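Visitor: Once you've had a glance at the structure underneath, I'll fire off some questions.
Derivation of every value follows stated rules applied to the coordinates shown; laboratory data play no part. Nothing here was measured: the structure is a model prediction, and the numbers come from that model. Cβ placement follows ideal geometry from the backbone for every residue including glycine, while neighbour counts extend to all protein chains displayed.
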Amino acid sequence: MSGYVKYKHDKLFKNLNKPLSCDGGKVLIERLINLFEVRNRVELSDLIGVTPATLSTWTTRGTTSHELLIRIHLLTGWPLEYLCFGIGDLSKIKGKTSAHFSEQVNEVSEPKLAYNRGVLQVYTIDNGHLAPYEKIEATSNLINHFLPKSHKDGVVLKQRDNLLFIDTTQTEANQGNYLFKVNENHQLGELKLLPDGHVYLLEGNERFQIDPTFTKVVGKVVSVLKKT
């Protein structure tokens, strides 16, 4: 039986041509306020990149922004059933936590191909936090070249037009460029362990002693892929 015949005569498949009655307007806005744990519409509008006037229009017209809900689903993993209808597997809904999405475990399924390939999540530093930028597919040989250890122990960071490969198993600064956090704010910089036993951040001709109480080394930049 061809796919055309099979689906053409399937009663449930006929529902594909019927518009969905998704929640919208005030109901949807309040759901997003609750999910993102923000205090009001002003904070929500700033967070999701729309104006307060747009939220007012949603309320007046009972509007559902399907494209936005898809983007939220892809970023957070929150079920579309819950985002659209308020139903579904609530165990997948984020609990009360201070962790950023970029700091949560990001499982990426590797494609099943005849030759070994992998998928790398590329990040940027956005207002001090690691923010997902894009996913790139590459051969395992290329990944192993730039990240000698397992790519699960690495972070790929976009800096201007370059990709920095960071080995997160190297958390003891010696000498080189490192990704580190100061009070949970990510930064890139040159760190060096000097004979006095202290680690310093080098910036031009100046150096600043690192206080391990507030500064945590995330990993060392082991390779750089430059755009030519």
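Visitor: Quick one: 3J(HN,Hα) in Hz for segment 194-199, Karplus 6.51/-1.76/1.60 with θ = phi - 60°, rounded, Gly and Pro as x.
Guide: Along segment 194-199, the couplings run 9, x, 6, x, 10, 9 Hz.
Visitor: So, in Å, what gap is there between the alpha-carbon centers of segment 161-213 and segment 1-78?
Guide: Comparing the Cα centres of segment 161-213 and segment 1-78, I get a distance of 43 Å.
Visitor: Express in nm, to one decimal, how much length is gained between D46 and F214 on full extension, taking 0.36 nm for each residue of separation and deducting their alpha carbon distance.
Guide: Stretched fully, the D46-F214 segment lengthens by 57.5 nm.
Visitor: So, one more: Give me S223, S45, S21 ranked fewest to most by other Cβ atoms within 10 Å of their Cβ, as a rough exposure proxy.
Guide: Fewest-to-most ranking of S223, S45, S21: S21, S223, S45.
Visitor: Within segment 122-147, list the residues whose amide N lies under 16 Å from a label point set 7 Å along Cα→Cβ of Q187.
Guide: From segment 122-147, the list is 125-130.
Visitor: Still on this model: Going by how many other Cβ atoms sit within 10 Å of their own, how do I87, I166 line up, fewest first?
Guide: Least crowded to most crowded, the residues run I87, I166.
Visitor: Same structure, new question: What full-extension length gain, to one decimal in nm, is calculated for H145 and L225 as 0.36 nm per residue of separation minus the Cα-Cα distance?
Guide: That works out to 27.7 nm of additional length.
Visitor: Compute the whole-percent fraction of alpha carbon pairs in segment 119-228 spaced more than 15 Å apart.
Guide: Summing the P(r) tail past 15 Å for segment 119-228 gives 64 percent.
Visitor: Compute the length gained on full extension between T57 and N174: take 0.36 nm times their separation in residues and subtract their Cα-Cα distance, giving the result in nm to one decimal.
Guide: Fully extending the segment from T57 to N174 adds 36.6 nm.
Visitor: Would you work out the charge dipole size for segment 3-97 about its Cα centre, treating the Cβ of every Lys and Arg as +1 and the Cβ of every Asp and Glu as -1, and quote it to the nearest 20 debye?
Guide: In debye, rounded to 20, segment 3-97 gives about 360.
Visitor: On to the next question. Please check which bits of segment 158-199 a label hung off E134 would reach, taking the label as a point 7 Å along Cα-to-C-beta and the cut-off as backbone N under 17 Å.
Guide: Within reach of a label on E134: 158-165.
Visitor: Let me ask you something else. What does the charge count around K226 come to, taking other residues whose C-beta lies under 14 Å from its C-beta (Lys +1, Arg +1, Asp -1, Glu -1)?
Guide: Local charge sum for K226: +2.
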